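The values are calculated or read from the model by the stated rules, or taken from the named source; none is laboratory data. The structure presented is a predicted model; accordingly, all values stated were derived computationally and were not measured. With ideal geometry, Cβ positions are generated from the backbone for all residues, glycine too; neighbour counts draw on all protein chains shown. Only protein heavy atoms, including side chains, enter the accessible area calculation; ligands, DNA and RNA are left aside. Shrake-Rupley method; radii C 1.70, N 1.55, O 1.52, S 1.80 Å.
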Amino acid sequence: MTAELKNRRLSILKTHCAGLEINTEPAILESHGCDWTRFRKPDPAAVVFPRSIDEIANLVAVAFEHQVALVPSGGRTGLSGGAIADSAEVVVSFDRMRQIRDFNAVNRTLTVEPGVVTHSIQEYAAQQGLYYPVSFAAEGSSQIGGNIATNAGGIRVLRYGLTRDRVAGLKVIDGRGELLECNHGLVKNASGYDLRHLFIGSEGTLGFIVEATLWLVDPPPPSHVMLLAVSGLEAMMDVFRLFNDTLVLSAFECLSAAAMAYVRKGHGLPAPMDTESPFYVVLEFECAEPGVEDTALQCFEKCLEAGWVEDGVISQSEGQAADLWRYREGISEAITPYTPYKNDLSVRISDVPAYLADLDKLVNSHYPDFEVLWYGHVGDGNLHMNILKPENMPVEKFEDICGRVNPDVFSLTRSYNGSISAEHGIGLLKKPYLSYTRSKADIERMRGIKAVFDPLNIMNPGKLI
Ligand code: 2HG
Ligand code: ZN
């Protein structure tokens, strides 16, 4: 049945999409049929590589007419299975759409194709004397279309906001194959529903982003990075409060002792300091004027005196800053070989210590034999919980056990009015749990919106809702 469906879809593409690059090599089907998640096996009918908006519009119109399911594929760095094609879908890769189309110095905007890699946007902005502030570990391979489709966050949200805050305009091909041009880069536009914001974070379920206009900002002043050994969760928030009230923080991240051990092992990093501690904080602060570094050191002294912090190091150069960031940014990659089961949770910032303490208790009672690592973006209330698969346990069994504990984890999250996905999206993997974070009425309205933009359910079907 699947083979028949695949052949039928392939022949539709060949007949109706003249000139479209179509690939059915097994290695490409495998690589482009999934993201970084390792819990599903890709099985697409084909991978197509459009080169223009017109080609995508035609492709979706054909898919609409013939009921062909499409899955968008960017840098494939997603962690929720949002780009998995496991049911004979056609994968639409944006790898051939990597042009920066326009830079406007007055508007401070950059207009780009969806396949441009996040890091290239940062570099291009810097060449213009400006800054694209969305930053995260996967920025070297993630693509801007995917960033927008998941409203990517990362390490600078507390200073600059989310990807959503950078999007000045979008061109989208919806599930009917029609081009929608949203907001045109306007700062002010009070002409009704802002469809741009519906597409941001929609995980490709309403339409495919085919062009984006991004707002850039002033380049940041010089900064310093500190890595601190903190004595506990309450103390971590006291440290956050003091530094955040006194300095301009551009990041405030945490990692548990276990996460520190794995990142060091994975990347061969030395101990950052002599003291061992249950949690570590990596923070970055701006130094716009002389004297800020002294103020930061005074904060550090206060933290030591209060017993919140046991030890710490501060960067003295850009190289040292980058070295300190590796302890936080390198975790995800370092633990990939352990097939981690990931949860990406958020609560209000002030609730982080109580929530994490509750969660830690819950998780320890359910997974006494599993290793659980914590890290994340404390400065915006987002925690990543990674459970490592024991070496000899089959993946299916491991996923099943983790899945059985999810209801408790998500009920607790709901009791804090938190979210079961802060920045990674819902995709395939978190879809069964959406109701822990969105009400019945919410989900019903979301279905209604989906039906408007994608009436035949061909755009990334089976994801999100
Ligand atoms: C991070 O903050 C990324 O490092 C990945 O969002 C999180 O690996 C994860 O769970
Ligand atoms: Zn993150």
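Brief remarks on what is shown
- The chain, relative contact order [Cα under 8 Å, separation at least 6], %: 16 percent
- Per residue accessible area of the chain, 1.4 Å probe, in Å²: 43 Å²
- Counted residue by residue at 0.36 nm each, then reduced by the alpha carbon distance between them, the extension gain from SER439 to HIS184 reaches 88.5 nm.
- Gyration tensor verdict on the stretch 171-321 (Cα atoms; rounded if a/c is under 1.5, prolate if a/b is larger than b/c, oblate otherwise): prolate
- For the stretch 62-110, fraction of C-alpha pairs farther apart than 12 Å, in %: 72 percent
- Computed over the chain, the quotient of the alpha carbon radius of gyration and 2.2 N^0.38 Å is 1.00.
- Distance cut-off 18 Å, percentage of C-alpha pairs in the stretch 86-128 lying past it: 38 percent
- Under 5 Å between amide hydrogens, built in the peptide plane, is the criterion, and for GLY312 it picks out ALA229 among residues at least 5 positions away or on other chains.
- Cα gyration tensor category, rounded, prolate or oblate, for the stretch 389-465 with a/c compared to 1.5: oblate
- Each Lys or Arg adds one and each Asp or Glu takes one away; over the other residues whose Cβ falls under 10 Å from the Cβ of THR205, this sums to 0.
- Around ALA271: net Lys/Arg minus Asp/Glu count, Cβ-Cβ under 11 Å: -2
- Normalising the average separation of contacting C-alpha pairs (under 8 angstrom, six or more residues apart) by the number of residues puts the relative contact order of the stretch 67-175 at 22 percent.
- Contour excess over end-to-end distance, with Cα ends at GLU289 and ALA257 and 0.36 nm allotted per residue: 8.1 nm
- Spatial separation of Cα centroids for the stretch 199-218 and the stretch 329-389, in angstrom: 28 Å
- Ranked by the mean number of other Cβ atoms within 10 Å per residue, highest first, peptides 442-451, 124-133, 258-267 order as 258-267, 124-133, 442-451.
- Between THR275 and THR15, the FRET efficiency estimated from the beta carbon spacing at R0 = 60 angstrom works out to 0.35.
- Distant-in-sequence amide H partners of VAL210 (H built 1.01 Å from N, under 5 Å): LYS171, VAL172, ILE173
- For the chain, the longest principal axis of the Cα atoms and the long axis of helix 292-306 meet at an angle of about 70 degrees.
- Principal-axis tilt of helix 53-66 within the chain, Cα atoms, nearest 10 degrees: 60 degrees
- The Cα center of the stretch 124-146 and the Cα center of the stretch 405-420 differ in position by 32 Å.
- Nearest 10 degrees, 0 to 90: helix 257-267 Cα axis against the chain principal axis: 60 degrees
- The chain - share of DSSP beta bridges that are antiparallel (%, nearest 5): 85 percent
- Anisotropy class of the stretch 309-403 from Cα gyration tensor, a/c 1.5 cut: oblate
- Portion, in percent, of the accessible area of the stretch 221-357 that falls on carbon or sulfur, probe 1.4 Å: 51 percent
- Near-label residues of the stretch 28-71 by backbone N, under 20 Å of a point 7 Å along Cα→Cβ of THR336: 28-43
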